[in-house]
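The values are calculated or read from the model by the stated rules, or taken from the named source; none is laboratory data. Every value quoted in this text rests on a predicted model; they were computed, and no experiment measured them. Every residue, glycine among them, receives a Cβ derived from its backbone with ideal geometry; neighbour counts consider all protein chains shown. Surface accessibility is based on the protein's heavy atoms, side chains included, excluding ligands, DNA and RNA. Shrake-Rupley method; radii C 1.70, N 1.55, O 1.52, S 1.80 Å.
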Amino acid sequence: MRRTVCPVPDSALRRIFHTTTKVITLGGAKGTVGWVDLWRGILLCDVLEDSPKLRDMPLPLPARVNWPLFLNRCPYYCRDIVVSQSRDTIKYVEMEFTNGWPPSDFEARI
């Protein structure tokens, strides 16, 4: 499903299917955990099940301005998610940078 919703463009430097950029705990009776690839989506697993299975939750495609960054830069520049335990929600945010942001040497400075 993820390849249909968020295909890997020919220009991408990264070709692997899922790179975990953060891990989230959703909890609940089944102990749901999510491994997040901020460019592509979340792999969810109910770790307390007798026979746990992975489920895929694709994230939205990058904003048009961020397409050159998609799978070529660290997603922390423009995307993030957070779990709100009090509201039982996953919040997703994406920022669009213009006018030459991020600078080409930005990764080297981190």
message: Residues of the range 16-35 with the amide nitrogen closer than 18 Å to a label point 7 Å from the Cα of L48, along Cα-to-Cβ, please.
response: 24-35
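Any idea of the accessible area per residue across the range 41-93, 1.4 Å probe, to the nearest Å²?
Numbers: 3220 Å² over 53 residues.
Averaged over the residues of the range 41-93, the accessible area is 61 Å².
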field: Rounded to whole Hz, the Karplus (6.51, -1.76, 1.60) HN-Hα couplings of the range 30-40, x for glycine and proline
entry: 9, x, 6, 10, x, 9, 9, 9, 5, 7, 10
query: Sorted by accessible area with a 1.4 angstrom probe, largest first, how do D80, D46 fall?
result: D80, D46
- request: Rank these by accessible area, largest first, 1.4 Å probe: V33, V82.
  value: V82, V33
message: Taking θ = phi - 60°, what integer Hz values does the Karplus form 6.51 cos²θ - 1.76 cosθ + 1.60 yield along the range 59-65, in sequence order, with x for Gly and Pro?
response: 8, x, 4, x, 4, 3, 5
